[in-house]
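Visitor: Input: one structure, supplied below.
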Amino acid sequence: MVRMSAEERRESVIRAAMSEFARGGYYGTSTEAIAKRVGVSQPYLFRLFPGKKAIFLAAAEHCMELARCTFEEASEGLEGEEALHAMANAYVKVIAEQPERLLMQMQMYVAVAAAEEAGDHELGEAVRAGWMRLWDTVHVPLGADVDETATFMAYGMLINCLVAMGFPPEHRVWEGLYPSARTTGRLEK
């Protein structure tokens with residue numbers, strides 16, 4: 001059996017943490033559950049990361065980077081309306097096929113709000129920085145138009161909320177979204 005390097009193990013912890021935090025949130029997820037999912041001891045987990053907050057930050061940054069790469073790859077060589085629809089289609093496909101990514105995003109926003117309320121700004125700073133990387137990634141293909149970028153990001157957040165609340169694809173709430181943002185037929189289980 002080939003042993004994983006510390007970096008490979010660290011990456012497996014981040015992926016496992018993303019899955020665990022997506023379902024249980026920051027406060028509802030134990031480091032024990034993460035260690036168990038990866039198949040390591042808690043002491044080993046804490047050799048890779050100084051604490052639960054560091055694990056959550058790494059998982060949040062990974063989640064935001066995955067979203068950024070989704071938009072970047074979808075819009076490569078495109079601009080304007082073509083880029084918008086390609087990014088929207090790619091995003092809807094990702095959250096349909098990998099719901100943990102959507103759940104992790106939602107958990108990040110809740111964790112930031114709770115941390116900010118408690119006076120801890122580190123998590124918020126990291127998530128806001130990731131959000132700005134997302135913004136910048138979609139901004140250029142959309143013609144560096146602030147209104148287009150804001151509308152695109154607003155649609156994305158609306159889609160996140162509608163999917164998280166379980167609105168079925170055929171529900172009338174989806175009718176106002178532009179066609180590539182609609183989930184019709186894509187989110188059926």
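Visitor: Taking only protein heavy atoms into account and a 1.4 Å probe, give the accessible area per residue of segment 78-188 in Å².
Guide: Details: 5730 Å² over 111 residues.
Per residue, segment 78-188 has an accessible area of 52 Å².
Visitor: Right, another one. Grab the DSSP H runs of the chain that are 4 residues or longer, score each as -39,500 (n - 2.57), total them, divide by all residues and round the 222 nm result to the nearest 500 deg cm²/dmol. Write down the numbers at each step before the final one.
Guide: On the way: 8 runs with 136 residues, N = 189.
That comes out to -24000 deg cm²/dmol.
Visitor: Hey, can you rank 135-144, 113-122 by average C-beta count inside 10 Å, highest first? Numbers along the way, then the final one.
Guide: Numbers: 135-144: 17.6, 113-122: 11.8.
Top of the packing list down: 135-144, 113-122.
Visitor: Determine which aspartates and glutamates satisfy two conditions relative to Lys36: a Cα distance under 13 Å, and not lying fewer than 8 residues away in the same chain.
Guide: Glu20
Visitor: Quick one: divide the alpha-carbon radius of gyration of segment 30-189 by 2.2 N^0.38 Å and tell me what you get. Could you put the intermediate results ahead of the total?
Guide: Values: Rg = 17.3 Å, N = 160, 2.2 N^0.38 = 15.1 Å.
Normalised Rg, Cα atoms only: 1.14.
Visitor: With labels modelled as points extended 7 Å from the Cα through the Cβ direction, what inter-label distance (nm, one decimal) is found for Arg47 paired with His171?
Guide: According to this spin-label approximation, the distance is 4.7 nm.
Visitor: What helices in the chain pass both tests, a Cα length along the helix axis of 20 Å or more and a mean Kyte hydropathy of -0.5 or higher, using whole DSSP H runs? Write out the running numbers ahead of the final one.
Guide: Working: long enough: 6-28 (26 Å, -0.73); 52-75 (35 Å, 0.18); 80-97 (26 Å, 0.27); 99-117 (28 Å, 0.21); 122-139 (25 Å, -0.25); 146-164 (27 Å, 1.13).
Once both thresholds are applied, what remains is 52-75, 80-97, 99-117, 122-139, 146-164.
Visitor: Over the chain, what is the mean sequence separation of C-alpha contacts under 8 Å (at least six apart), divided by residue count, expressed as relative contact order in percent? Mind dumping the intermediate values first?
Guide: Working: 182 pairs, mean separation 44.1, N = 189.
Relative contact order for the chain comes out at 23 percent.
Visitor: How many angstrom lie between the C-alpha centres of segment 95-111 and segment 131-160?
Guide: After rounding, the separation between the Cα centres reads 18 Å.
Visitor: With each pseudo-label sitting 7 Å past Cα toward Cβ, what's the Tyr27-Glu122 distance in nm, one decimal?
Guide: 1.9 nm
Visitor: Between beta-carbons, use under 14 Å as the cut-off and find the net charge around Glu7, counting Lys and Arg +1, Asp and Glu -1.
Guide: Details: positive: Arg3, Arg9, Arg10, Arg15, Arg47; negative: Glu8, Glu11.
Taking every other residue near Glu7 into account, the sum is +3.
The values are calculated or read from the model by the stated rules, or taken from the named source; none is laboratory data. Keep in mind that this is a model prediction, so the values were computed, not measured. In this analysis, Cβ positions are derived from the backbone assuming ideal geometry, glycine residues included, and neighbour counts consider all displayed protein chains. Accessible surface is based on the protein model in full, side chains and every heavy atom, while ligands, DNA and RNA are left aside. Shrake-Rupley method; radii C 1.70, N 1.55, O 1.52, S 1.80 Å.
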